[in-house]
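J.: Please find one structure pasted underneath; my questions will follow.
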Amino acid sequence: MTTADPAALLTLRDVSRRFAATPTRDRRAWGRQVLRVLAGGDPAPLAEGPGVVTALEDVSLIVRRGEAVGVVGLNGAGKTTLLRVAAGHLAMDAGTVHRRGRLATLMDLTAGLAPHLSGHACIATVGALLGRDRRAMAAAAPAIAAFSGLGDALERPVGGYSSGMALRLGFAIAAHCDPDLLLVDEVLSVGDFPFRQKCLARMMVVRERAAILLVSHNLAEVARFCDRVVVLDRGRVAFDGATETGLSVYRTLAEGADASSPAGTPSSLAGPAADGPPAFLRPFHRDAARVGPLDLTWTDGSGAAVDTRPFGAPLGLRLRAPLRAPARALFVGVPLYAADGTRVSGLASDLTDAPLSADAGQTVTVRLTLPAPRLNPGLWHGVAVLHDGPGTLARQPLPPLRVTGGPSRHWGHWTPEARWSLSVSE
């Protein structure tokens, strides 16, 4: 890597950062650092060993003008530490950071909003903290006020603002300070949906002449906004490249963490239940006096058992249930869930077929056929629910199903078959 790239506005080379893991060690380390700096020395990096957590390890990254780079990773992967080091808010234990041009951060959006000042007064104050002179902020103030949508509330002290109002004002100020390099940490959740779209549109404008480094768990907005994705895994760069490939790498990490260590999952993922399936599939149930365990199998178009299917390929589900008591109105429901716990569909046999009756000792077989489900790539979960009229005989998790391939860009959980027609006229 080199800082000679004329388009590079942010360059990190072999950056590492460690933290003391215990409060006692942290206080002692902080005291030693203060004494060292007061004596005229540079802060000493923490050495590896017990009681020290490595947040970043040999991280290298270049962000160029006109680029929007997304940073994703599991909780604790080092994303916010990376932004703070890039902004100069944290010292490094090793490596170098080089920045060019005016820096703005959308990390703590309420920083600089003095409670006793009005919203209008805070525009000038925060602008000064971001390096803008009074004349430039006065010229930008009308656009900032209009963007925030706070209206007459800007005449009142910000101490009386709700948290959402303060965040709106903070974003509006930072996004209109004409930065060359913009560092963004999880602020795309500011306000309601229309305001979030305004934030994205404003960042699109900023990106035309600046460089943006964005940390977010909102994968749909990362896919929509970012040219590149960097995936962090336990402080190291696991991937740096095309957005869709990076999000696929992230999903693989998330699915692995979900299956093995609940503490490592993103906040958007439910942890696994004690017996293996994700917790969002619960509650499980079976009336053992009336039905035996359900035999559940995913199948391909020919009926062969599968656990992986290509995007859009025919998919089947076979259910067998041995009855131990008579049933008068049997039907089956199959809710499907994406890996993050979103319920995507609730299929039910009684929507198209009449319920069945059966006697004790018989085995009920149900086959569900999806000719072209077009589920987006990733891990899919579900449950099979066997009903007898209004009562539930069994609710049992389906085997996980992995879908591979598919569209190059997917913002949701499924991609319906569609036809498009675009035209231009005078």
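The values are calculated or read from the model by the stated rules, or taken from the named source; none is laboratory data. Quick caveat: nothing in here was measured; it's all calculated off a predicted structure. Neighbour counts run over all protein chains shown; Cβ positions are idealised from the backbone, glycine included. In case anyone asks, the SASA skips ligands and DNA or RNA and just uses the protein heavy atoms, side chains included. Shrake-Rupley method; radii C 1.70, N 1.55, O 1.52, S 1.80 Å.
J.: Considering region 117-146 alone, what residues qualify as being more than 14 Å from Asp178 (Cβ to Cβ), open to solvent by 40 Å² or more (accessible area, probe 1.4 Å) and outside any helix (DSSP H, G or I)?
T.: Leu117, the sole residue that qualifies.
J.: Can you run down the residue pairs with Cβ atoms below 9 Å, 6 or more apart or on separate chains, where the first is in region 383-402 and on the phi > 0 side of the Ramachandran plot and the partner is of a type in the set (D, E, K, R) and open to solvent by 10 Å² or more (accessible area, probe 1.4 Å)?
T.: Filtered contacts from region 383-402: Gly389/Arg328.
J.: Also: Select from region 324-361 the residues that are of a type in the set (Lys, Arg) and within 37 Å of the chain's Cα centre (by Cα) and list them in ascending order.
T.: Arg343
J.: Just name the residue that is surrounded by the most Cβ atoms within 10 Å (Cβ to Cβ) out of those in region 376-426 that are over 20 Å from Glu244 (Cβ atoms) and of a type in the set (Val, Ile, Thr).
T.: Only one residue fits best here, namely Val383.
J.: Given the criteria under 18 Å from Pro283 (Cβ atoms) and not in a strand (DSSP E or B), does Gly341 qualify?
T.: Against the criterion (under 18 Å from Pro283 (Cβ atoms) and not in a strand (DSSP E or B)), Gly341 qualifies.
J.: For region 66-89, enumerate the residues that are surrounded by fewer than 19 Cβ atoms within 10 Å (Cβ to Cβ) and in contact with a helix residue (DSSP H, G or I) (Cβ under 9 Å, 6 or more places away or on another chain).
T.: Across region 66-89, the qualifying residues are Gly66, Asn75, Gly76, His89.
J.: Somewhere in region 268-285, is a residue at pLDDT 75 or above, within 16 Å of the chain's Cα centre (by Cα) and either open to solvent by 40 Å² or more (accessible area, probe 1.4 Å) or of a type outside the set (Phe, Trp, Tyr) (or both)?
T.: Scanning region 268-285, I find no residue that is at pLDDT 75 or above, within 16 Å of the chain's Cα centre (by Cα) and either open to solvent by 40 Å² or more (accessible area, probe 1.4 Å) or of a type outside the set (Phe, Trp, Tyr) (or both), so the answer is no.
J.: When the residues of region 147-164 are filtered to those that are open to solvent by 70 Å² or more (accessible area, probe 1.4 Å) and either among the hydroxyl-bearing types (Ser, Thr, Tyr) or part of a helix (DSSP H, G or I) (or both), which remaining residue is nearest to Cys199 (Cα to Cα)?
T.: Out of the qualifying residues, it is Ser163.
J.: Is it fair to say Trp420 is touching a residue at least 12 places away in the same chain (Cβ under 8 Å) and among the aromatic types (Phe, Trp, Tyr)?
T.: Answer is no for this residue.
J.: Could you say whether any residue in region 48-63 is in contact with a helix residue (DSSP H, G or I) (Cβ under 6 Å, 6 or more places away or on another chain), surrounded by fewer than 20 Cβ atoms within 10 Å (Cβ to Cβ), at pLDDT below 65 and not aliphatic (A, V, I, L, M)?
T.: There is no residue in region 48-63 that is in contact with a helix residue (DSSP H, G or I) (Cβ under 6 Å, 6 or more places away or on another chain), surrounded by fewer than 20 Cβ atoms within 10 Å (Cβ to Cβ), at pLDDT below 65 and not aliphatic (A, V, I, L, M).
J.: Considering only residues that are charged (D, E, K, R) and open to solvent by less than 50 Å² (accessible area, probe 1.4 Å), look in region 288-314 and name the one that is farthest from the chain's Cα centre (by Cα).
T.: First, pick out the residues of region 288-314 that are charged (D, E, K, R): 290, 295, 300, 307, 309.
Now narrow it down to the ones that are open to solvent by less than 50 Å² (accessible area, probe 1.4 Å): 300, 309.
On the way: Asp300: 32, Arg309: 25 Å.
Selected residue: Asp300.
J.: Could you check, for region 175-194, whether at least one of its residues is more than 26 Å from Arg65 (Cα to Cα), touching a Cys at 6+ places or on another chain (Cβ under 7 Å), open to solvent by less than 20 Å² (accessible area, probe 1.4 Å) and not in a strand (DSSP E or B)?
T.: No, region 175-194 contains no residue that is more than 26 Å from Arg65 (Cα to Cα), touching a Cys at 6+ places or on another chain (Cβ under 7 Å), open to solvent by less than 20 Å² (accessible area, probe 1.4 Å) and not in a strand (DSSP E or B).
J.: Can you give me the number of residues within region 322-343 that are touching a residue at least 60 places away in the same chain (Cβ under 8 Å) and in contact with a Lys or Arg (Cβ under 8 Å, 6 or more places away or on another chain)?
T.: So the count comes out to 2.
J.: Now for a separate question. Considering Leu167, Leu130, which residue is over 30 Å from Gly241 (Cβ atoms), under 22 Å from the mean Cα position of the chain (by Cα) and among the hydrophobic types (A, V, I, L, M, F, W, C)?
T.: It is Leu167.
J.: Report, by residue number, each residue of region 212-234 that is outside any loop (DSSP other than H, G, I, E, B) and open to solvent by less than 10 Å² (accessible area, probe 1.4 Å).
T.: Step one: of region 212-234, the residues outside any loop (DSSP other than H, G, I, E, B) are 212-215, 219-225, 228-233.
Residues satisfying the conditions are Ile212, Leu213, Leu214, Val215, Val222, Ala223, Phe225, Val229, Val230, Val231, Leu232.
J.: Can you go through Val205, Val237 and tell me which one is open to solvent by 20 Å² or more (accessible area, probe 1.4 Å), among the β-branched types (Val, Ile, Thr) and farther than 15 Å from Lys79 by Cβ?
T.: Among Val205, Val237, only Val205 is open to solvent by 20 Å² or more (accessible area, probe 1.4 Å), among the β-branched types (Val, Ile, Thr) and farther than 15 Å from Lys79 by Cβ.
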